[in-house]
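Student: Before I ask anything, here is the structure I am working with.
The values are calculated or read from the model by the stated rules, or taken from the named source; none is laboratory data. Being a predicted model, the structure only gives us computed values, none of them experimental. FYI the Cβ positions are ideal-geometry reconstructions off the backbone, even for glycines, and counts take in every protein chain you see.
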Amino acid sequence: MLPRLKRFADVLGGGREAGRGLLRRALQYMLAEQHLYQRGTALDVWAFSEVYRQWRHELSGQADPMAHIKVDDVDFGTLFDIENESYRDEPVIAFLMGLPPQQRLSLLLVYGDGFEHEDAGRILDVSAEMIASRLIRMSASLSDRLNERPPAQAAAIVETLYPEGHRASP
Amino acid sequence: MTELSDELLVAYVDGQLARKQTRAIDKVLEQDDVLEARVTALKHAHARLEAAFEAILAGEEAEISKVTVPPPDDGFWVPWRTFKIAAASTGIVLALGLAALGYGWPLSLPGAGPAPDIGVATGVGSGQGTGPASQVDLEVAPKPQIGP
């Protein structure tokens, strides 16, 4: 479960370093307050929700929370780097980068971790309907973005305007 | 063309619909190419999202395994470290054995005479020497008598 928790913290914090610090603080809190764990609660749901709660707690102490949740492009991009593999799905990375943390996490919890809408809602402290609504909006948006035809390059347009035979000589 | 909302289509793609609803949509998709293309696009988007999240997880697992697994040692049949410890132990045992063979046991320094014979013959160490020194009887010659 630790790699999954770390991924959750990374996506929430916007990078590996930020995620490591957030997860460490959350785990320390969970160890200190383990008596708060209620029997019957799935352990992963409890652990994920504690990491999210820790993040919200720290955010509330910030003078400018909106500035704090903005992720650094480079840090966030390195999350997707795999050793010995050069392929990166740039359109998907750019799409995730542009989302607010709560929406990114909704996608991660359902499509990455396989949680049901109810459990994802418990973790993010929202209703299952809210999770479903977010997923519909973002799925449609990503699908539209991925199906857009890439804009033609300026140089290519110039080439078609001046075919080979009619090019002006220098 | 049949109008189906994105809400329904996403629920269909995610497997959130009841069996009856799923069958109904399957039938509609067989007849409507536009809707089928939309569903394919949604499935494609989800697959790419899942792949992106898998990539992050693979990175995390690699990072954690780097921390926990020590690097393998070099060596022929056994790691160098084990070989060094074994060689040092063998050397120490061999040196002690040779010393015992060369100088006898208990050890005595060469040129310092034989090892002292401890105890049995003289009674030292058997408890007799622990008390006050024993009285020594000296033979005293009889005084010469002066005749009258």
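Student: Of a type outside the set (Ser, Thr, Tyr) and either modelled with pLDDT under 90 or under 19 Å from A:Gly114 (Cβ atoms) (or both): which single residue out of B:Ala24, B:Ala51 fits that description?
Tutor: Going through B:Ala24, B:Ala51 in turn, the sole match is B:Ala51.
Student: Given the residues A:Gly77, A:Gly19, A:Gly15, which is the only one that is touching a Ser or Thr at 6+ places or on another chain (Cβ under 8 Å) and of a type in the set (Gly, Ala, Ser)?
Tutor: Working: A:Gly77 fails: touching a Ser or Thr at 6+ places or on another chain (Cβ under 8 Å); A:Gly19 fails: touching a Ser or Thr at 6+ places or on another chain (Cβ under 8 Å).
Selected residue: A:Gly15, the only one of A:Gly77, A:Gly19, A:Gly15 that is touching a Ser or Thr at 6+ places or on another chain (Cβ under 8 Å) and of a type in the set (Gly, Ala, Ser).
Student: Being away from chain B (no Cβ under 11 Å) and either closer than 19 Å to B:Ala51 by Cα or in contact (Cβ under 8 Å) with a residue 24 or more places away in the chain (or both) is the filter here; which residues of the stretch A:16-32 pass it? Let's see the steps before the verdict.
Tutor: Taking the stretch A:16-32 and keeping what is away from chain B (no Cβ under 11 Å), we get A:17-18, A:21-22, A:24-32.
A:Glu17, A:Ala18, A:Leu22, A:Arg25, A:Ala26, A:Tyr29, listed by residue number.
Student: Mind listing whichever residues of the stretch B:12-47 are within 14 Å of chain A (Cβ to nearest Cβ) and β-branched (Val, Ile, Thr)?
Tutor: Across the stretch B:12-47, the qualifying residues are B:Val13, B:Val34, B:Val39, B:Thr40.
Student: Select from the stretch A:133-148 the residues that are under 14 Å from A:Pro91 (Cα atoms) and within 7 Å of another protein chain (Cβ to nearest Cβ) and list them in ascending order.
Tutor: A:Ser139, A:Leu142, A:Ser143, A:Leu146, A:Asn147, listed by residue number.
Student: Show me the helices (runs of 4 or more DSSP H) entirely contained within the stretch A:76-131 in which 1 or more residues are away from chain B (no Cβ under 11 Å) and modelled with pLDDT of 90 or more.
Tutor: The helices (runs of 4 or more DSSP H) meeting that bar are A:101-107, A:117-124.
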